[in-house]
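I have placed the structure first, in the form of structure tokens, so that the comments after it can refer back to it.
The values are calculated or read from the model by the stated rules, or taken from the named source; none is laboratory data. As the structure is a prediction and not an experimental result, all values here were calculated from the model. Glycine also receives a Cβ, built like all others from the backbone with ideal geometry; neighbour counts cover every protein chain displayed. Calculation scope for accessible area: heavy atoms of the full protein, side chains included, ligands and nucleic acids excluded. Shrake-Rupley method; radii C 1.70, N 1.55, O 1.52, S 1.80 Å.
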Amino acid sequence: MPVQSLPLRDSAFHRRLLQQYLLLLKKYPILTKSVTSGILSALGNLLSQTLERRKNIKDGSSKKDVDLLGPARFAIYGLCVTGPLSHYFYQLLELLLPSTVPYCTLKRLLLDRLVFAPAFLLLFFFVMNALEGRTFSAFQGKVRAGYWPALKMNWKVWTPFQFININYVPVEFRVLFANLVALFWYAYLASVRK
């Protein structure tokens with residue numbers, strides 16, 4: 001006698017969740033993008049800590065407890081900086097370089113990679129330093145030690161994603177797309193800043 005299989009996931013639930021997200025995105029675009037950025041940034045930090053903890057266990061090092069302030073700092077950064085700033089940057093790109101401008105795909109990418117990315121990364125170092133309660137000299141030391149390697153890695157990792165994002169992803173979903181990539185990027189950044 002055949003056994004009736006049950007679906008593993010309730011697709012109606014996922015559709016309702018997506019519809020609710022789209023509704024919030026339409027009604028409150030900046031707030032929705034900011035909250036999403038905060039959540040995904042915190043998850044990126046947790047991912048970083050989990051990977052580091054597994055590596056330490058594998059290497060025989062002492063287990064380090066999860067630092068709950070790390071995800072909190074990343075959530076604040078995502079909520080207050082990444083979400084709003086990214087929203088306005090992608091809007092500005094559309095105004096400055098609409099698809100009717102010759103070579104707009106290349107110009108958008110160059111503006112993102114050569115202007116926005118370096119400034120945004122420096123802002124990340126500065127805000128995280130402030131949220132950690134460290135001095136300006138500590139910030140300068142972190143920048144000297146980690147900024148250039150992080151920027152080079154940013155250019156390597158983000159360039160293909162940003163090319164797709166700023167040229168093919170609808171503007172209202174660009175922050176979400178970048179946040180999904182950033183989930184893993186923040187894991188990398190958390191390890192570089194140590």
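See the values below:
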{"quantity": "Number of positions in the range 55-99 that are open to solvent by less than 40 Å² (accessible area, probe 1.4 Å), part of a helix (DSSP H, G or I), without any contact (Cβ under 8 Å) to a residue 60 or more places away in the chain and in contact with a helix residue (DSSP H, G or I) (Cβ under 8 Å, 6 or more places away or on another chain)", "calculated": "6"}
{"quantity": "Of the criteria (1) open to solvent by 70 Å² or more (accessible area, probe 1.4 Å); (2) at pLDDT below 95; (3) part of a helix (DSSP H, G or I), which one ASN154 fails", "calculated": "(1)"}
{"quantity": "Residue in the range 163-185 that is surrounded by the fewest Cβ atoms within 10 Å (Cβ to Cβ), counting only those that are more than 21 Å from PHE125 (Cα to Cα) and of a type in the set (S, T, N, Q)", "calculated": "ASN167"}
{"quantity": "Selection count, the range 146-173, where residues are over 30 Å from PRO102 (Cβ atoms) and in contact with a helix residue (DSSP H, G or I) (Cβ under 9 Å, 6 or more places away or on another chain)", "calculated": "5"}
{"quantity": "In the range 131-148, the residues that are in a helix (DSSP H, G or I) and open to solvent by 60 Å² or more (accessible area, probe 1.4 Å)", "calculated": "LEU131, PHE136, SER137, GLN140, ARG144, ALA145, TRP148"}
{"quantity": "Residue satisfying condition, being of a type in the set (Asp, Glu) and within 22 Å of ILE164 (Cβ to Cβ), within set ASP67, ASP112, ASP59", "calculated": "ASP112"}
{"quantity": "Residue that is at pLDDT below 90 and either out of contact with any Asp or Glu (no Cβ under 7 Å at 6 or more places or on another chain) or farther than 20 Å from ALA150 by Cα (or both), where the choices are SER61, SER86", "calculated": "SER61"}
